Amino acid sequence: MEHGSGRGVSHLCRNRVAPRRVAMLSMHTSPLDQPGTGDAGGMNVYVLQVASRLAEAGVDVEIFTRATSSELPDCVMAAPGVTVRHIPAGPYEGLLKQDLPGQLCAFTAGVLRAEAARPPGYYDLLHTHYWLSGHVGWLAKDRWGVPLVHTAHTLAKVKNELLAEGDTPEPLSRVVGEEQVVEEADRLVVNTPSEAEDLIVKYAADPSKISVVPPGVDLTRFTPGDGTATRRALGLPADARVIAFVGRIQPLKAPDLLLHAAAVLARQDPHLAERTHIVYVGGLSGTGLDRPGELHDLAIRLGLARRVHFLPPRSGQALVDVYRAADLVCVPSFNETFGLVALEAQACGTPVVAAAVGGLPVAVHDGVSGILVKSHSAQDWGHVLGRLLGEDGLRGLLADGARPHAEKYSWSRTAAGLLATYRETLYDRADEMLRASRARQARRV
């Protein structure tokens, strides 16, 4: 098969069977990085989890990401059937996400060279994550003759409409870049219907190209359990009321809102406030890197420092223990495409208080598994937190609804949804090729 001929997809599509091999592109962050620091977050979890589940279903997945250290091996087997390939593109260290557009050519060259070493037609489909990877996939799909599926994860126009005070807006170059990827992709995968609406209204996306596939949660890892040992390890009093924030420390995530809400609670109910502790789990990211001591300083100014605890990012059982130790997990972000932290917490039986933005109204069942707050007012958040921390019965009802709600979302279901999308995309591509072939034949006649 010649590169770019497109014949590689036809044999897959007669009965809408699944692809054999998928190339995933995640240029700006590796799925092997620790979520909660730098640019690593829910997208990292998403890419690795869906790749692993796709591999379990018989699809080999190769993930291309930018190498950030000279000590990284060229390839890492992340899971059976899942390979992570590190592509040199620019300096290994010191590049911020906003610097990466200047390395698109280098990264694209590395991806194309890796594919060129394979037999023709090796990959059946491209799935890109975030707009930077979408641009690389845009070029690669024409070279390889395969369809391009794209997941944005976040959208610049949406973020810019919901900026935290003093935060830096996304540049026009990203907005234009996203518009181009939306136009060129064969299929757009989104987490929720509201994200689909954003693409249609704000980016003029073709509705027929959009597939809604919700993310999931590892229901075998994130389970209810006793968090007493974690509380003891943190030095928390036995009768403490514990609020947890898990994620990157940056203005978009609004971590400071919890401190201001706690100050409101201190005025409304001093006794309850004295028992309330806030645990932050995460590292500095984005514009938060410019304000490294801001949260600590704010806690001191508000007289809360003794009851605020800062932990580095955690994974595995250590993260599960934090969710179990908390009475509430808060997601006060100005925007979340979905909010995997909310699902993880609920899977552990912990109710969630979240801002009613983006995909969080899907991730949290308001009044059943948690509470959605329709503002970023410290007064509103203080009132909601005070009520939930003070009413054990209400909090218990939400805890009872948390796990059943989370069980509606699993990575296996996400992978099944992606497989269905891949099949439809391949079928559409084969059908398009067949129509084009017939048109050429008709012109010859």
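Annotation: amide H-H contacts under 5 Å for VAL331 (H modelled 1.01 Å from N, sequence separation of 5 or more, or interchain): VAL353, ALA354, ALA355. The alpha carbon gyration tensor of the chain gives principal lengths a ≥ b ≥ c with a/c of 1.5 or higher and a/b greater than b/c, which makes the shape prolate. The ranking of MET27, MET43, MET77, MET433 by Cβ neighbour count inside 10 Å, starting from the fewest, reads MET77, MET433, MET43, MET27. Among the listed pairs LYS374/LYS408; LYS97/LYS374; LYS253/LYS374; LYS209/LYS408; LYS159/LYS374; LYS141/LYS202, those whose Cα-Cα separation exceeds 22 Å are LYS374/LYS408; LYS97/LYS374; LYS209/LYS408; LYS141/LYS202. Protection proxy ranking for 321-331, 224-234, using the average of other Cβ atoms within 10 Å per residue and placing the highest first: 321-331, 224-234. The mean sequence separation of alpha-carbon pairs under 8 Å and at least six residues apart, normalised by the residue count of the chain, gives a relative contact order of 18 percent. Do any GluC sites (Glu not before Pro) in segment 91-198 lie in a DSSP loop with no more than 12 other beta carbon atoms within 10 Å, and if so, which? Sparse-neighbourhood loop GluC sites (Glu not before Pro): GLU93, GLU165.
Taking a spot 7 Å from the Cα of ALA79 along the direction of its beta carbon, which residues of segment 388-416 have an amide N less than 14 Å from it? Answer for segment 388-416: 410-416. Scanning the chain for long hydrophobic helices, with DSSP H runs required to stretch 27 angstrom or more by C-alpha along their axis and to average at least -1.0 on the Kyte-Doolittle scale, returns 411-444. Between THR168 and GLU391, the simple label model (points 7 Å from Cα in the Cβ direction) yields a spacing of 4.3 nm.
Subtracting the Cα-Cα distance of SER412 and GLN441 from their residue separation scaled by 0.36 nm leaves 6.1 nm.
Close amide H contacts of GLY41 (hydrogens built in the peptide plane, cut-off under 5 Å, sequence separation of 5 or more or a different chain): GLY36. Coupling constants for segment 355-370 follow from the phi torsions by the Karplus curve (6.51 cos²θ - 1.76 cosθ + 1.60, θ = phi - 60°), and in residue order they are 5, 7, 10, x, x, 5, x, 8, 5, 10, 8, 4, x, 10, 10, x Hz; glycine and proline get x.
Note on segment 102-221: Cα-only Rg and Dmax are 15.8, 52 Å. Relative contact order, whole percent, for segment 252-386 stands at 29, derived from Cα pairs under 8 Å and 6 or more residues apart.
Taking the helices alone, the chain has a mean residue ellipticity at 222 nm of -13500 deg cm²/dmol, built from -39,500 (n - 2.57) per DSSP H run of at least 4 residues and averaged over all its residues.
We did not get these values from a lab; they are worked out from the coordinates using the rules stated. Nothing here was measured: the structure is a model prediction, and the numbers come from that model. Don't worry about glycine lacking a Cβ; one is built from the backbone with ideal geometry, like all the others, and counts go over all protein chains shown.
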